[in-house]
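Taking it in order: structure first as structure tokens, then the write-up.
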Amino acid sequence: MKQAEELRYLVLAIQREGNRLLAADLRPLGITPSQAEVLRVLRDHGPLTLSALGGLLVCETGSSPSRLVDRLVAQGLVRREIDEHDRRYLALSLTPRGRQLCRRIVTAEDRLHRHLSALVADQHLDETISTLRAVAEAFPAGEALARRRDTVKEK
């Protein structure tokens, strides 16, 4: 197996297992990992237009996150309002229920992050993240993640 091929499959394997573990923790909350990502991005960066939200998502790069948002609006977790800066757009923000659910999402994500951190020694984690960033940022999903990392609001 070529090294680049192995890298691709290693990343895929880790992503699938991480998503499986997170999905199991989120299932009792009634949401998927993709829906949780939307809620977290709105918590950390919102309010946002649908287009701006799409530019920060890893789960839905290159496509509109409208079906995810529609579901979250129907669940009473996200609200759509006329954007205060440009009335031609709708701004998406969390409802009080959405903010409350985000606290539980953070708890689930923290459990996963602790599990992953325990698998890699701290000094290797920095090197690993640096290598993965270099590869990921060549792709739209990596660019979306870089935008999120560079513009996160303090909570």
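No value in this document is a laboratory result; all are computed from the given coordinates. Because the structure is predicted, anything quoted here is derived from the model rather than measured. Because the Cβ atoms are built from the backbone with ideal geometry, glycine has one as well, and the counts that use them run over all protein chains shown.
Quick notes on this one:
- Positive-end residue of His113, Pro140, Leu26, charge dipole of the chain with Cβ unit charges: Leu26
- Against the main long axis of the alpha-carbon atoms of the chain, helix 96-119 sits at an angle near 0°.
- Structural descriptor for region 3-151: relative contact order 25 percent, calculated from alpha carbon pairs under 8 angstrom and at least 6 residues apart.
- Relative exposure of Thr107, Thr49, Thr95, judged by other C-beta atoms within 10 Å (fewest first): Thr107, Thr95, Thr49
- Summing Cβ point charges (Lys, Arg +1; Asp, Glu -1) relative to the Cα centre of the chain gives a dipole of roughly 660 debye.
- Volume per residue for region 1-91 equals 113 cubic angstrom (convex hull of Cα atoms).
- Shown here is the pair-distance distribution of the chain: with all Cα-Cα distances grouped in 5 Å bins from zero up to the longest one, the shares run 2, 8, 15, 20, 21, 15, 9, 6, 2, 1, 0 percent.
- Helical contribution to [θ] at 222 nm, DSSP H n ≥ 4, -39,500 (n - 2.57), averaged over the chain, rounded to 500: -21500 deg cm²/dmol
- Against the main long axis of the alpha-carbon atoms of the chain, helix 122-136 sits at an angle near 70°.
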